[in-house]
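Shown next, in structure tokens, is the structure this report addresses.
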Amino acid sequence: MDFIKHTCLLSILLFAVGCGNKKPSVSKDAASRFNFEAVYDYWEVVDSLKNSQYPSDVLWDKLLNHQGYKVIESANGTTPEMIKERLSICFYPENKKTKDSIFRYGDVFQKSMYSHLIETDRSREALKKHINWMRGQEVYEAMIDKTNEFLPEKYKNYKTPIINIILFGENAHANQSGVCMDLLLSYFIDKIDKGGTLGHELHHYVLDSYKTNSAKERNKTLDKTKELVQKIVYQSQKEGIADLIDKERGYLNPKVKTTSPEYLTFIRSEFANGKMRISQLNKKLVTISQNKNKTYTWDFVSEALPFYGHVVGFYMAKTINENGYHKELINTINRPQCFFELYNKVVQEKKLDAPLFDEVVIQLINESSSQENTAFCYK
Ligand SMILES: [Zn+2]
């Protein structure tokens with residue numbers, strides 16, 4: 001999801017699948033598709049902190065060397081040191097004052113994160129049961145089905161990775177190194193939208209894995225403004241399409257409750273502002289197109305792109321998807337520059353009450369594309 005900061009776990013828990021003889025047991029193969037090992041190491045660290053014993057380097061390393069934490073670092077920039085700090089603030093009695101002041105003066109992100117962490121400890125028994133539920137309810141299969149709905153045929157040949165279920169905050173992350181999701185977030189959301197959030201993250205994993213090395217190389221030679229335009233386009237398309245997988249049945253669904261109603265209200269109110277943010281982004285991009293020699297950074301556009309592109313991207317992807325252009329949306333997945341043009345085409349053709357991007361913006365996007373094909377996508 002990558003909401004926070006501008007911005008998705010298995011011990012070999014042997015469990016009895018019911019007592020009745022008729023229930024099938026979970027095969028070894030199915031059990032290995034999620035990795036929950038880090039969850040138990042997390043609770044060991046939490047216990048140590050709560051007992052005023054700062055964990056040894058060995059104990060921290062045991063936790064933070066799990067693949068899920070590596071995915072967080074490479075996908076989101078949250079380092080092991082940052083995880084250590086948040087757990088220490090949350091559970092180490094010596095840091096009580098710091099924690100109290102965060103609850104008093106912190107922003108909605110900080111407060112929601114610490115409420116969530118406190119709950120990861122308080123809800124241990126429910127979370128252990130949830131691990132069994134995830135293993136037994138074909139969550140993994142639901143995730144794959146949901147992702148595949150939004151991938152072109154040629155992308156469906158990917159090898160689904162082991163999914164790292166960990167505990168770290170109300171979030172989930174993915175890039176080509178893997179997928180991770182917080183167990184408590186899964187507890188809140190998967191019973192209502194099974195495999196949705198994971199499907200969103202798996203979609204990122206697949207897209208990132210298919211990004212060619214040559215495309216990454218070309219990016220290095222671009223000027224800063226072109227790089228910025230590409231990033232805006234890539235983030236909006238990537239998050240927008242992935243949000244079609246999970247947002248309406250998940251975070252935006254009133255049935256979903258988490259530890260922080262305040263944070264949920266904030267997210268929902270931001271997502272309701274899609275139209276306004278598109279107009280705002282259009283103005284910013286027009287300005288960039290008129291000053292091509294000037295260097296712009298993400299700060300110039302960040303207000304128009306809450307949650308790193310989710311709000312604008314979701315509005316655009318939903319508009320395209322709901323108006324008969326699902327195939328075109330999916331088949332141009334490897335050409336993000338077509339996303340804005342397709343959105344404009346749909347709004348004009350269906351005469352929708354939705355803001356358009358100026359022609360100079362579409363031109364700017366095409367000129368900034370790293371791909372050799374800079375022709376318009378639909379003309
Ligand atoms: Zn995402």
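For the stretch 250-285, the set of residues classified as assigned to a loop (DSSP other than H, G, I, E, B) and within 15 Å of the ligand (Cβ to nearest atom) consists of Gly250, Tyr251, Leu252, listed by residue number. Here Thr221 fulfils each of the conditions (1) surrounded by 15 or more Cβ atoms within 10 Å (Cβ to Cβ); (2) modelled with pLDDT under 95 apart from (1). Take the conditions (1) part of a helix (DSSP H, G or I); (2) over 23 Å from the mean Cα position of the chain (by Cα); Lys294 misses just one of them, which is (1). The single condition among (1) buried (at least 20 other Cβ atoms within 10 Å of the Cβ); (2) assigned to a loop (DSSP other than H, G, I, E, B) that Gly324 does not satisfy is (1).
Of everything listed in (1) closer than 17 Å to Val39 by Cβ; (2) surrounded by fewer than 24 Cβ atoms within 10 Å (Cβ to Cβ), the single unmet condition for Glu170 is (2). Pairing residues of the stretch 165-188 that are at positive phi with residues that are within 14 Å of the ligand (Cβ to nearest atom) and of a type in the set (A, V, I, L, M), at Cβ distances under 8 Å and at least 6 apart in sequence or on separate chains, gives Gly169/Ile4; Gly178/Val71.
Residues that are β-branched (Val, Ile, Thr) and in contact with a strand residue (DSSP E or B) (Cβ under 9 Å, 6 or more places away or on another chain), at least 2 per element: which helices (runs of 4 or more DSSP H) completely within the stretch 35-125 meet that? Counting at least 2 such residues, we get 67-76.
Of the residues making up the stretch 150-167, those that are loosely packed, with under 15 Cβ neighbours inside 10 Å and outside any loop (DSSP other than H, G, I, E, B) number 2. Taken over the stretch 178-194, the criterion of being outside any helix (DSSP H, G or I), within 15 Å of the ligand (Cβ to nearest atom) and touching a helix residue (DSSP H, G or I) at 6+ places or on another chain (Cβ under 7 Å) is satisfied by Gly178, Val179, Cys180, Met181, Asp193. Among the residues of the stretch 333-368, those that are assigned to a loop (DSSP other than H, G, I, E, B) and either crowded, with 20+ Cβ neighbours inside 10 Å or modelled with pLDDT of 95 or more (or both) comprise Ile333, Pro336, Lys350, Lys351, Leu352, Asp353, Ala354, Pro355, Leu356, Phe357, Asp358.
When the test is whether a residue is in a helix (DSSP H, G or I) and at pLDDT 95 or above, His173 does not pass it.
The values are calculated or read from the model by the stated rules, or taken from the named source; none is laboratory data. For clarity, every value in this text was computed on a predicted model and none was experimentally measured. We place every Cβ from the backbone using ideal geometry, glycine too, and count neighbours over all the protein chains shown.
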